[in-house]
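Structure first, then comments.
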Amino acid sequence: MTELNFQELAKQGNPQAIASWLQSQLQSEDITVTVNVSGDSLEVFLDASPVPAPDTSVEFVRKELTDLQPNSIRMVKVEGREIGQVVSDWSQEFILEHPSIAQENYPEKSLTNTIVANRENAKNMEATPPEMKELENRLRSTFIVVGMVTGILAIAVVAFVGKLLNEPAATAGKNLEETTSVATVPDSFREAVNSAVKAAELGRGAKTKEEWNLVANNWQEAISLMRRVPPSSPHHELAQTKVAEYQKYLIYAQESAVTLPSPSPTPATGEKESAEKSAKKSNSEKETTEKSTKKSNSEKEATEKSTKKSNSEKEATEKSTKKSNSEKESNEKANRKSNPEK
């Protein structure tokens, strides 16, 4: 962009153009010029290290802006500060003179007083820059310490609140686990019974190898669940009994899967039916035993009768022999009597 363009834009009140124009007229790389426009006020910041002198700086800005005559700018504030700092070391204001504006609108007395006051303030600020810097350093240190303490307190509060929130959740989870562990004691027995019922129902209609394998799997599951019933459960002894009972049904189902037997009665589907079948089985075994005992007794009686008969026959034979002997003796006696000489 040419110098003429900068000048035209600066006359129109463009802050970037005004800053570029002042920077080009300053002809110094040690001072950086930035400009801010707010209404009819213009702020000019001169950043350098060390801070530029206020008198020469304000006079330079006044001269350049008076020659430039930017539109709608009436009040100008010039501030000098060290590079990298936010707080200005000095500041001065002046009214930008326009030939077309009457001087009575801005009395010379007020302008003189403002300039004098600004100069005094600038001198005071120039006289105490070390104190200002020390105060800035103290404020920074204080802000840093306060920020660190606030951060630590915030972390502690968050940790404490998180602990309070997690404790009920952990307690609830522990109680839930205890409740679950207590509830699983009867559930294992109930699930085992359900598997047994399912196996019994499937066994009624099982005909193929696959169906009998399914029946065997359900019996196996029922046995496994019965074995999980802990000793503390009131169903523990019954569960052990059922394990032995289900083992028989499992073996039957496994053999049936191989041999495919003809339809036969399957285990009952409930505890009551199982008890009834066990009772019937026990009764049948008892009846079989009684029949066996009766048979044994009848055989014993038959043997005794046979023995008695044998003894009777023996006695009859002995009697017959005795009778024969006695007849023989009688015959001999008769012969002797009839033949005394012989």
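The values are calculated or read from the model by the stated rules, or taken from the named source; none is laboratory data. Bear in mind that the values here come from a model prediction, so they are computed numbers and not experimental data. When we count neighbours, we look across all protein chains shown, and the Cβ atoms used for this are built from the backbone with ideal geometry, even at glycine. Remember, those area values only see protein heavy atoms, side chains included, never the ligands or the DNA or RNA. Shrake-Rupley method; radii C 1.70, N 1.55, O 1.52, S 1.80 Å.
In the set Glu8, Glu93, only one residue is within 30 Å of Glu134 (Cα to Cα), charged (D, E, K, R) and more than 60 Å from the chain's Cα centre (by Cα); that residue is Glu93. Scanning the range 187-225 for residues that are of a type in the set (A, V, I, L, M) and more than 15 Å from Ala244 (Cα to Cα) yields Val197, Ala199, Ala200, Leu202, Ala206, Leu214, Val215.
Close contacts from the range 7-19, counting a first residue that is farther than 20 Å from Arg62 by Cβ and a second that is of a type in the set (Phe, Trp, Tyr) and assigned to a helix (DSSP H, G or I), with Cβ to Cβ under 9 Å and a gap of 6+ residues or different chains, come to Leu9/Trp21. When Gln16 is tested against (1) over 60 Å from the mean Cα position of the chain (by Cα); (2) part of a helix (DSSP H, G or I), exactly one condition is not met: (1).
Every test in (1) at pLDDT below 90; (2) closer than 17 Å to Ala239 by Cα; (3) charged (D, E, K, R) is passed by Glu191 save one, and that test is (1). A Cβ distance below 6 Å, combined with a sequence gap of six or more or placement on separate chains, defines the contacts here; from the range 77-95, residues that are within 20 Å of Ser41 (Cβ to Cβ) and hydrophobic (A, V, I, L, M, F, W, C) reach residues that are part of a strand (DSSP E or B) and open to solvent by less than 40 Å² (accessible area, probe 1.4 Å) in the pairs Val78/Val44; Val78/Gln92; Trp90/Gly80; Phe94/Val76.
Every listed requirement among (1) modelled with pLDDT under 90; (2) part of a helix (DSSP H, G or I); (3) over 60 Å from the mean Cα position of the chain (by Cα); (4) of a type outside the set (S, T, N, Q) is met by Met132 save one, (3). I'd like to check something: does the range 283-292 contain any residue that is farther than 30 Å from Glu201 by Cα, open to solvent by 70 Å² or more (accessible area, probe 1.4 Å), modelled with pLDDT under 75 and not small (Gly, Ala, Ser)? Yes: the range 283-292 contains one or more residues that are farther than 30 Å from Glu201 by Cα, open to solvent by 70 Å² or more (accessible area, probe 1.4 Å), modelled with pLDDT under 75 and not small (Gly, Ala, Ser). Close contacts from the range 254-267, counting a first residue that is more than 23 Å from Val197 (Cβ to Cβ) and a second that is open to solvent by less than 90 Å² (accessible area, probe 1.4 Å) and modelled with pLDDT under 60, with Cβ to Cβ under 9 Å and a gap of 6+ residues or different chains, come to none at all.
One line per residue, one yes/no per condition, for (1) within 30 Å of Arg140 (Cβ to Cβ); (2) small (Gly, Ala, Ser):
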site	(1), (2)
Asn14	no, no
Leu42	no, no
Leu46	yes, no
Pro52	yes, no
Arg62	no, no
Leu65	no, no
Pro70	no, no
Ser88	yes, yes
